[in-house]
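Undergrad: Let me begin by handing over the structure; questions about it come next.
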Amino acid sequence: MIVKMDTDFVSEKMEELCSAILNQDAYIELRSKIEKFTENEEAVKQYEEFADMQRSLQEKEQREGLSPSEIAAYEQIELELYDNPVIREFLNAQREFSDVHSIINQYFTKTIELNRLPSRKEIKKGGCGCGGACGNH
């Protein structure tokens, strides 16, 4: 006999959780910071150029390594990125949403792993929520 979880029940509870998240003042503020960033063409361009440079340098580092001048140039462009308040607030908002996502994943993973609801102490702040498979623990 095939056993299935009641996904309608799970969906209902997830809707409750997501509604609670959406109704937090912090959510509304963080969401507005993301929208402010996406509407600022100059900030988006600066961020995309940095991301492209980062990818390119990561590939080069894996192939042949980086020179001190390349590292210094990268660090300077990264500092300029954080000097832009629109980008800085966008990155903060992304980090906050990522932290919430991680907590949700960790609660689910730990519940299955422990066969009980985990305590808050058993949930690692800033962890990945993968159950240890990625090595970020």
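Undergrad: For Glu78, state whether it is modelled with pLDDT of 90 or more, under 26 Å from Lys33 (Cα atoms) and assigned to a helix (DSSP H, G or I). Walk me through it before giving the result.
TA: Numbers: modelled with pLDDT of 90 or more: yes; under 26 Å from Lys33 (Cα atoms): yes; assigned to a helix (DSSP H, G or I): yes.
Yes; evaluated as a whole, the condition is true for this residue.
Undergrad: Give segment 39-57 a look and list any residue that's exposed (fewer than 12 other Cβ atoms within 10 Å of the Cβ) and within 20 Å of the chain's Cα centre (by Cα), or say none.
TA: Hits for segment 39-57 are Glu48, Ala51, Asp52, Arg55.
Undergrad: Something else now. When you scan segment 32-68, how many residues do you find that are basic (Lys, Arg) and closer than 11 Å to Phe90 by Cβ?
TA: Total meeting the criteria: 2.
Undergrad: Can you pull out every residue in segment 59-75 that is part of a helix (DSSP H, G or I) and loosely packed, with under 12 Cβ neighbours inside 10 Å? Give the steps one after another, and end with the answer.
TA: Within segment 59-75, the subset part of a helix (DSSP H, G or I) is 59-63, 68-75.
Correct list: Glu59, Gln62, Arg63, Pro68, Ser69, Ala72, Glu75.
Undergrad: What tally of residues in segment 1-51 results from selecting those that are of a type in the set (S, T, N, Q) and part of a helix (DSSP H, G or I)?
TA: Matching residues across segment 1-51 total 6.
Undergrad: Would you confirm whether any residue within segment 71-90 is out of contact with any Gly (no Cβ under 9 Å at 6 or more places or on another chain), among the β-branched types (Val, Ile, Thr) and free of Cβ contacts under 8 Å to residues at least 12 places away in the same chain?
TA: Within segment 71-90, one or more residues are out of contact with any Gly (no Cβ under 9 Å at 6 or more places or on another chain), among the β-branched types (Val, Ile, Thr) and free of Cβ contacts under 8 Å to residues at least 12 places away in the same chain.
The values are calculated or read from the model by the stated rules, or taken from the named source; none is laboratory data. Note that the coordinates shown come from a computational prediction; the quantities given were computed from them, not determined experimentally. For neighbour counting, all protein chains shown are included, and Cβ atoms are generated from backbone atoms with ideal geometry for every residue, glycine included.
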